[in-house]
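Quick notes on the structure that follows.
The values are calculated or read from the model by the stated rules, or taken from the named source; none is laboratory data. All of these numbers come straight from a predicted model, not from anything done at the bench. Cβ coordinates were reconstructed from backbone atoms using ideal geometry, including for glycine residues, and neighbour counts include every protein chain displayed.
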Amino acid sequence: MDERNKLIAYKVIAFMYFITLLALIGVTLVRQFVQKQEVSEFEDIAIIVTINTLFLISGLLYFGAIPIQKLKIKTILLGYGLLVVSGSLFTYAKYNIFLKLGLSFKQLLDKMIIIITVSGIIVLFFVFFSFLGIRRIKKELKE
């Protein structure tokens, strides 16, 4: 297979991967909000999508598709802040709008500890893989 055919194959594979990921997310959302299924009935799909997405972003960072060298600490902290805010908004909407359980502000603050911790772990995971990617690239350049 020549370079042009490889490039076309890579583009098709990436596009189909993206479509599959969107389809799995769509199935999860339909099961949760349209069919009103319990979380335990589609939790396996949600876990697969979450882990898959985390490793996709980590792979992009590791192989240099996302140029982490150009990111500043401010940008990483802003991303972390956006992750915490979006996690908080999603948690609030989940309990107050979708499940109609009524989440008080104090309960939301209790859940914030989990949100802040998980968001921090995700950001550290990404930083770790980008660091490994930078080391890999420097090692390849030396050879």
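Observations on the model:
- Among the residues of region 83-105, those that are part of a helix (DSSP H, G or I) and not hydrophobic (A, V, I, L, M, F, W, C) comprise SER86, GLY87, SER88, THR91, TYR92, LYS94, TYR95, ASN96.
The rows are residues; the columns are (1) part of a helix (DSSP H, G or I); (2) exposed (fewer than 15 other Cβ atoms within 10 Å of the Cβ); (3) modelled with pLDDT under 90.
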| residue | (1), (2), (3) |
| --- | --- |
| LEU22 | yes, yes, no |
| GLY26 | yes, yes, no |
| ARG31 | yes, no, yes |
| ILE47 | yes, yes, yes |
| LEU61 | yes, no, yes |
| ILE66 | no, no, yes |
| LEU78 | yes, yes, no |
| GLY81 | yes, yes, no |
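- Taken as a whole, the condition of being touching a residue at least 40 places away in the same chain (Cβ under 8 Å) and loosely packed, with under 14 Cβ neighbours inside 10 Å does not apply to PHE18.
- Applying a threshold of 7 Å to beta carbon distances and a minimum spacing of six or more residues, or different chains, the list of pairs starting in region 96-125 at a residue that is free of Cβ contacts under 8 Å to residues at least 24 places away in the same chain and ending at one that is loosely packed, with under 11 Cβ neighbours inside 10 Å reads ASN96/GLY102.
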